[in-house]
1. Here is a check on your reading of the model: is A:ALA84 assigned to a helix (DSSP H, G or I) and either at pLDDT 95 or above or assigned by TED's automatic domain parsing to the domain that holds A:ALA188 (or both)?
2. Restricting to the range B:202-217, what's the tally of residues that are under 18 Å from B:ARG245 (Cβ atoms) and either free of Cβ contacts under 8 Å to residues at least 40 places away in the same chain or of a type in the set (Asp, Glu) (or both)?
3. Tally the residues that are of a type in the set (Val, Ile, Thr) and farther than 19 Å from B:THR144 by Cα, restricting the search to the range B:160-192.
4. Output yes when any residue across the range A:4-24 is within 14 Å of chain B (Cβ to nearest Cβ) and surrounded by 19 or more Cβ atoms within 10 Å (Cβ to Cβ), and no when none is.
5. Could you list, ordered by first residue, the pairs with Cβ atoms under 7 Å in which the first is in the range A:259-277 and over 21 Å from A:ALA303 (Cβ atoms) and the second is assigned to a strand (DSSP E or B) and charged (D, E, K, R), at least 6 apart or interchain?
6. How many of the residues in the range A:44-81 are of a type in the set (D, E, K, R) and either assigned to a loop (DSSP other than H, G, I, E, B) or not assigned by TED's automatic domain parsing to the domain that holds A:GLY142 (or both)?
7. Out of A:TYR146, A:TYR40, A:TYR104, A:TYR134, I need the residue that is without any contact (Cβ under 8 Å) to a residue 60 or more places away in the chain and among the aromatic types (Phe, Trp, Tyr). Which one?
8. List every residue pair whose Cβ atoms lie under 8 Å apart, where the two residues are 6 or more positions apart in sequence or sit on different chains, the first residue falls within the range A:73-87 and is at the interface with another protein chain (Cβ under 7 Å from one of its Cβ atoms), and the second residue, located anywhere, is polar (S, T, N, Q) and assigned to a helix (DSSP H, G or I).
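The values are calculated or read from the model by the stated rules, or taken from the named source; none is laboratory data. Keep in mind that what you see is a predicted model, and the values were worked out from it rather than measured. With ideal geometry, Cβ positions are generated from the backbone for all residues, glycine too; neighbour counts draw on all protein chains shown.
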Amino acid sequence: MTTATIPPATLHHGHRVLMKGNEAMAEAAIRAGCDAYFGYPITPQAELLEWMARRMPEEGRPFVQAESELGAIDMALGAAATGARVLVSSSSPGISLMAEAMSYMAGAEIPMVLVNVMRGGPGLGGIGPSQADYFQATKGHGHGDYRVPVLAPSSIGEAMALMADAFELAERYRTPVFILADGTLGQAMEPVELHFREPARVADTWSVRGADGRQPRVVRSMHLEPEDLEQHNRHLQAKFAEISAREVRWAGENLEGADLVIVAYGTAARVARTAIARARAEGLRAGLFRPITLWPFPSAALAEVAARARGLLTVELSAGQMVEDVRLAVEGRTPVAFEGRTGGMIPTPGEVVEALHRLHAATTARPASATMEVRP
Amino acid sequence: MTTVAPAGSRVIFERPELLIDRSTHYCPGCGHGVVHRLIAEVLGELGLGSRTIAVAPVGCAVFAYDYIGVDFVEAPHGRAPAVATGIRRVRPDAFVLTYQGDGDLAAIGTAEIVHAAGRGELLTAVFVNNGIYGMTGGQMAPTTLLGQRSTSSPGGREAAFHGYPIPMTEMLAIMPGVAYAARGSVVDAPAIGRTKQYLRRACEVQLEGRGFAIVEVISNCPVGWGMTPTESIERLRDVVAKQYRPGVIVDRTGEG
């Protein structure tokens with residue numbers, strides 16, 4: 001179904017327009033200098049592929065609808081191995097297929113940006129919005145010891161801005177980067193002020209374009225000698241440590257004097273914002289801590305915020321995945337409650353306000369202690 | 001090249017410039033080394049070394065990049081044609097070559113090879129078919145012949161139990177995107193000479209922009225077949241070549 005909302009020629013930097021998330025992300029990637037796009041149709045990200053099918057040829061850049069998500073991501077692997085700036089997008093079941101190449105790309109240190117417009121699972125699940133791929137994005141996908149940066153926009157405008165940042169991170173650290181969106185962000189339309197940015201190109205010393213005049217290069221992830229592979233893993237771990245130290249992002253709202261802090265990202269953070277406004281009107285001092293990088297997770301910043309709060313409430317479109325990182329961040333020093341819906345359902349602001357009231361009651365009935373655990 | 005011919009004599013055989021001077025990890029008698037050499041010769045003769053980007057498979061030939069002196073990308077198992085497609089689309093000036101074995105191309109990578117061929121991607125695919133999984137210890141492949149013993153068909157391949165061998169190159173050849181498909185062999189010097197001509201033509205087909213080109217090379221795996229190198233060459237000649245017949249399978253370039 002083609003639902004293009006706007007002719008691309010009218011999309012000028014600085015203009016305010018109404019755009020659908022999937023199309024906005026696609027156009028942002030094009031304006032960020034995406035050299036090639038490879039995809040496979042899947043709901044709820046199909047409009048991203050359709051936008052690229054029309055726009056990439058207009059720009060004289062490659063677009064291929066692959067035979068599968070395996071085909072799409074391996075085409076991306078090949079293109080990116082030559083130094084091209086490459087985007088791939090899919091939704092949850094497709095991301096599972098792409099997990100294989102993610103591992104190879106992490107091992108071979110190939111930059112790429114991958115958008116996951118998450119839907120409900122497990123299995124074929126459903127096509128409604130979900131955040132049930134948090135574990136997959138931050139801790140899993142392919143085999144082996146590796147991490148990839150995961151950026152989580154909570155508005156269409158932010159998703160556009162993060163696209164350029166994602167390419168920049170991918171190339172600076174030679175790593176795949178995830179943009180973790182959900183079906184709501186992909187399908188919804190909202191007003192966005194267009195801010196396009198094309199990150200500068202940096203000449204690399206690793207990509208393959210033909211050995212013309214230099215020693216041949218190999219882009220590879222295989223190191224059969226255990227000593228070599230351990231050395232390679234040490235190099236990768238040092239890179240992950242540098243990313244963890246330098247690239248953490250989060251945003252806070254109403255945290256000044258907040259007793260109760262909601263931790264939420266993406267669409268869940270949008271619901272939380274509404275709930276916080278209501279809760280504050282009802283006398284609760286509630287604030288929002290919104291991780292923007294899910295890996296590296298803003299653990300230190302959250303621990304600092306949590307130290308000044310009575311309790312944390314994690315809100316997710318899942319059965320509770322990020323909440324594990326929240327608990328790890330506060331190490332039992334602050335009570336952590338959870339409110340979530342699954343299967344394409346979204347928690348209502350009313351449900352979140354009620355959860356805040358429960359947390360308030362539980363954390364004022366007795367002093368917040370080091371060991372208290374609050375569950376809804 | 002460092003070969004120096006004594007006065008009054010001439011060099012009639014030497015190491016191709018693109019074949020790296022290094023002992024291979026291949027088992028004694030294995031055909032991969034012959035195919036590597038032919039590729040190095042053809043790329044050198046066509047002057048393609050400096051702009052070739054090759055894709056290595058998973059299997060014994062993953063180490064092709066240690067022996068053929070061109071830029072390489074290592075593909076996940078079976079995905080070489082997809083990886084090569086990505087390279088092709090962003091680097092129109094590159095010469096793009098894939099190298100795959102029969103487990104890689106005819107089992108786990110069937111979707112990728114079929115669709116790359118279907119799209120008529122400007123790629124040259126080299127498909128070394130020795131009818132067995134060599135690197136993992138001699139298991140049955142899709143190309144394993146009926147009756148052939150392997151570690152996963154210990155009583156011999158039976159059609160009713162294991163299914164039939166898959167004639168990949170004939171299957172691919174029916175698609176209009178395939179400009180050229182041929183099957184060579186490493187059985188003896190004349191066959192190797194013909195295989196080189198097929199490889200050369202498959203490279204020219206890409207350079208001429210005519211479409212997808214594939215050369216299957218039937219080869220031997222002495223260790224995987226449980227034979228001496230000599231016995232394996234005899235089997236290649238007397239048994240394998242009777243089933244997978246060498247020759248040009250399709251040529252849509254109008255010059256075949």
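1. It is false that A:ALA84 is assigned to a helix (DSSP H, G or I) and either at pLDDT 95 or above or assigned by TED's automatic domain parsing to the domain that holds A:ALA188 (or both).
2. Of the residues in the range B:202-217, 1 are under 18 Å from B:ARG245 (Cβ atoms) and either free of Cβ contacts under 8 Å to residues at least 40 places away in the same chain or of a type in the set (Asp, Glu) (or both).
3. Here the count works out to 3.
4. No: the range A:4-24 contains no residue that is within 14 Å of chain B (Cβ to nearest Cβ) and surrounded by 19 or more Cβ atoms within 10 Å (Cβ to Cβ).
5. Cβ pairs passing all conditions: A:GLY266/A:ASP182; A:THR267/A:ASP182; A:ARG273/A:GLU253.
6. Final tally of qualifying residues: 3.
7. None of the other options fit; the residue is A:TYR40.
8. A:MET75/B:THR85; A:GLY78/B:THR85
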